[in-house]
């Protein structure tokens with residue numbers, strides 16, 4: 001977004017793939033090897049596991065007997081040494097995240113280039129049957145400095161409708177979720193806006209906005225088509241973001 005200090009705190013592009021018909025389960029070890037081979041600079045690892053417990057059926061009030069217990073890996077996260085870049089691998093899913101914030105955020109072009117680079121490596125390595133969707137997600141945090149906590153957020157956001165202090169009392173937090181149909185491709189865009197809980201002594205109100213837009217009907221082997229769809233979707237999201245805020249908010253980013 002074209003600001004000196006944009007409100008972006010995280011942005012990612014995720015790809016969901018169509019598996020082959022004979023696939024039975026996610027091969028965690030193969031995904032681990034993919035990271036070693038194709039993302040050696042993302043050497044910090046986090047593994048998300050789930051404990052699965054099978055219980056014997058019981059017709060009494062006694063606690064059921066455990067038949068079997070095992071752990072499954074749901075997700076592998078690979079970070080760089082500064083925790084600014086993140087590649088996530090799951091079952092038929094890959095996402096590339098940028099965690100650089102404010103003036104350090106390198107822009108959508110960098111996010112797209114890196115994500116498309118990993119998509120090509122994933123396609124060659126795993127050979128999925130197809131691409132279900134490609135999704136852009138932004139997380140913005142807008143920090144509004146205040147002398148007290150009685151400001152009107154409608155002065156800052158065109159898509160917020162605040163409750164009057166009388167008779168409701170002072171609003172400390174809220175969340176609203178919108179789903180729109182994008183005129184570019186008739187695919188949904190999801191927008192969530194929420195005022196985060198604020199301590200009185202902080203003298204800052206924080207508003208979080210999540211933006212998510214998916215692209216479908218894409219050909220896995222057509223990188224030009226995928227890149228164009230994501231670029232157009234991003235431009236649409238930026239346009240909507242600008243329409244959702246007022247000049248008073250934009251002044252906070254310069």
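Computed from the coordinates by the stated procedures, all read-outs in this text should not be read as laboratory data. A quick note: this is a predicted structure, and the numbers were derived from the prediction, not measured. Cβ sites come from the backbone with ideal geometry, for glycine too, and all protein chains shown count toward neighbours.
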Taking a label point 7 Å from the Cα of residue 53 along Cα-to-Cβ, the residues of the range 63-88 whose backbone nitrogen sits under 15 Å from it are 63-72
Taking Cα atoms, the helix 223-244 axis meets the longest principal axis of the chain at an angle in degrees (rounded to 10) of 30
For the chain, longest principal axis from Cα atoms; helix 108-126 axis from its Cα atoms; angle between them, nearest 10 degrees, is 10
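Among 240, 215, which comes first, second and so on when ranked by fewest other beta-carbon atoms within 10 Å?
On the way: 240 17, 215 22.
Taking fewest neighbouring Cβ atoms as first place, the list is 240, 215.
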All alpha-carbon distances of the range 45-129, grouped into 5 Å bins from 0, give the whole-percent distribution 3, 11, 16, 16, 14, 10, 8, 6, 6, 6, 4, 2, 0
The percentage of Cα-Cα pairs in the chain separated by more than 29 Å is 44
Helix 28-38: inclination vs the chain longest Cα principal axis, degrees, rounded to 10, gives 70
